[in-house]
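What follows is a short report on a single structure.
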Amino acid sequence: MKPSITFVLLLLFLVCSCNKEHKNSLNATESTQQETLKTEIIDLSHSYSDETVYWVTAKEFDLDTVFKGQTDKGYFYSANNFSTAEHGGTHIDAPIHFAEKGQSVDEIPLEKLIGSAIKIDVSVNALQNADYLITVDDLKAWEQKENTKIPDGSIVLLQTGFSKYYPNKVKYMGTDERGEIAVEKLHFPGLSGEAAKWLVEKRNINAIGIDTPSIDYGQSQYFKSHVILLTKNIPAFENLTNLDKLPSRGFEIIALPMKIKGGSGAPLRIVAMVKKTQ
């Protein structure tokens, strides 16, 4: 029995459709791969080790080897226990850290932690003054140079240049002493309370980060920037690194902390997605 013309045409249509869908799928895959190749992933996180810098009154990182080696069954096995304070190394300050009704780590919306970002470089001034306070004028200078306002929903990263001293505690934070007596010896740059207030009242940012031990400078006694920002549920990322590898804008941030229920802070793995220049 000969196939009808209608059947043959239908068969040809199905074959062509399948080929088109396959080609579209290949094109989509190729496009995704090309976009990936055009993006550089930059790690903004310090590793955790016995060198990790912590606040002078916080419990430092400890890694305890449970087992490492060949088992009696013939395979290799490695496992550790670790203990650490919430606030140390590259970490996040959740709003509840300085705001009674603020969000804890597990409550921070992912939209606050993932998104477009800008970098404000104040290293020329900060590296000459360990007590440097980032001012409103510094923020406005970035806007003037870039000919744009700080975009709504931005993650703002502040580059002081101090990450180059990490993990040398004396150069990075002013002292290698521990305990309450060491607090008055802390020296490193931070964001002024006036600048924090300006960001909250005049701009609309999602999060903020800095390459020093704290968003407030070392000699702060009232932690005004923490209070101002965190009261508005703006989380802070501290002890960042590699900010010198970032452009001033046009990149994305992924900042995912350990999801500690009720946590006031947590270790943070933060990366930047930067489009490669051709």
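The values are calculated or read from the model by the stated rules, or taken from the named source; none is laboratory data. The model shown is predicted, which means the values in this text are computed figures rather than measured ones. Cβ coordinates were reconstructed from backbone atoms using ideal geometry, including for glycine residues, and neighbour counts include every protein chain displayed. Side chains included, ligands, DNA and RNA excluded: accessible areas come from the protein's heavy atoms. Shrake-Rupley method; radii C 1.70, N 1.55, O 1.52, S 1.80 Å.
Given H placed on each backbone N at 1.01 Å, which residues far from Leu191 in sequence or on other chains put an amide H within less than 5 Å of it?
Ile134, Asp216, Tyr217
Summing Lys, Arg as +1 and Asp, Glu as -1, what charge do residues with Cβ under 13 Å from the Cβ of Asn147 carry, Asn147 excluded?
+2
When DSSP beta bridges are limited to those with both residues in segment 136-278, what percentage is antiparallel, rounded to the nearest 5?
Taking every DSSP beta bridge with both residues in segment 136-278, the antiparallel ones total about 50 percent.
With +1 on each Lys and Arg Cβ and -1 on each Asp and Glu Cβ, how big is the dipole of the chain about its Cα centre, in debye rounded to the nearest 20?
1100
Quick query: amide H of Asp121 versus all other amide H atoms, modeled in the peptide plane; which residues come in under 5 Å with a sequence gap of 5 or more or a different chain?
Counting only residues 5 or more places away or on other chains, the set is Gln159.
For the chain, what is the accessible area per residue in Å², given a 1.4 Å probe and the full set of protein chains?
Heavy-atom SASA per residue in the chain reads 57 Å².
Reported to two decimal places, what Rg/Rh ratio describes segment 114-218 when computed on Cα atoms with Rh from the Kirkwood expression?
Taking Rg over the Kirkwood Rh, I get 1.00.
Could you give me the ³J(HN,Hα) list for segment 103-110, computed from phi with Karplus coefficients 6.51, -1.76, 1.60 and θ = phi - 60°, whole Hz, x at Gly and Pro?
6, 7, 3, 6, 9, 5, x, 4
Okay, helix-only estimate at 222 nm for the chain: each DSSP H run of n ≥ 4 adds -39500 (n - 2.57), divide by all residues, round to 500 deg cm²/dmol; what do you get?
-8000 deg cm²/dmol
How big is the dipole moment of segment 181-278 about its Cα centre under a simple scheme where the beta carbon of each Lys and Arg is +1, that of each Asp and Glu is -1, and everything else is neutral? Debye, nearest 20, please.
That gives segment 181-278 a dipole magnitude of about 400 debye.
Apply the Karplus parameterisation 6.51 cos²θ - 1.76 cosθ + 1.60, with θ equal to phi minus 60°, to every residue of segment 197-212 and state each ³J(HN,Hα) to the nearest whole Hz, in sequence, with x for glycine and proline.
Here the 3J(HN,Hα) series is 4, 4, 4, 6, 8, 9, 10, 10, 9, 8, 6, 9, x, 8, 9, 10 Hz.
For segment 44-59, just list the computed ³J(HN,Hα) in residue order, Karplus coefficients 6.51, -1.76 and 1.60, θ = phi - 60°, integers in Hz, with x standing in for Gly and Pro.
Rounded to whole hertz, the list is 9, 10, 7, 6, 8, 6, 6, 9, 4, 7, 10, 4, 5, 9, 9, 5.
In nm, what is the difference between 0.36 nm times the number of residues separating Thr231 and Asp176 and their Cα-Cα distance?
Taking 0.36 nm per residue and subtracting the Cα distance, the gain is 16.7 nm.
Report for the chain the percent antiparallel among DSSP-assigned beta bridges with both residues inside it, nearest 5.
Just about 70 percent of them are antiparallel.
Please give the Cα centre distance for segment 224-264 versus segment 107-139, rounded to the nearest Å.
With segment 224-264 and segment 107-139 each reduced to a Cα centre, they are spaced 10 Å.
Quote the FRET efficiency, to the nearest 0.05, computed for Lys197 versus Thr39 with a Förster distance R0 of 45 Å and r equal to the Cβ-Cβ distance.
E between Lys197 and Thr39, to the nearest 0.05, is 0.80.
Please compute P(r) over all alpha-carbon pairs of the chain, binned at 5 Å starting from zero, and give each bin as a whole-number percent.
1, 5, 11, 14, 15, 14, 10, 7, 5, 4, 3, 3, 2, 2, 2, 1, 1, 0, 0, 0
Could I have the simple spin-label model distance between Phe76 and Val136, label points 7 Å from Cα toward Cβ, reported in nm to one decimal?
Distance between the two pseudo-spin positions: 5.9 nm.
Quick one: go through segment 81-110 and flag any residue whose amide nitrogen is under 16 Å from the point 7 Å out along the Cα-to-Cβ line of Lys59.
Residues passing the 16 Å test: 81-89.
So what is the relative contact order for the chain, in percent, with contacts set as C-alpha pairs under 8 Å and at least six apart?
Across the chain, relative contact order equals 28 percent.
Amide H of Gly209: which non-local residues (sequence gap of 5 or more, or other chain) have their own amide H closer than 5 Å, using H built in the peptide plane?
Hits under the 5 Å cutoff: Val156, Leu157, Leu158, Phe237.
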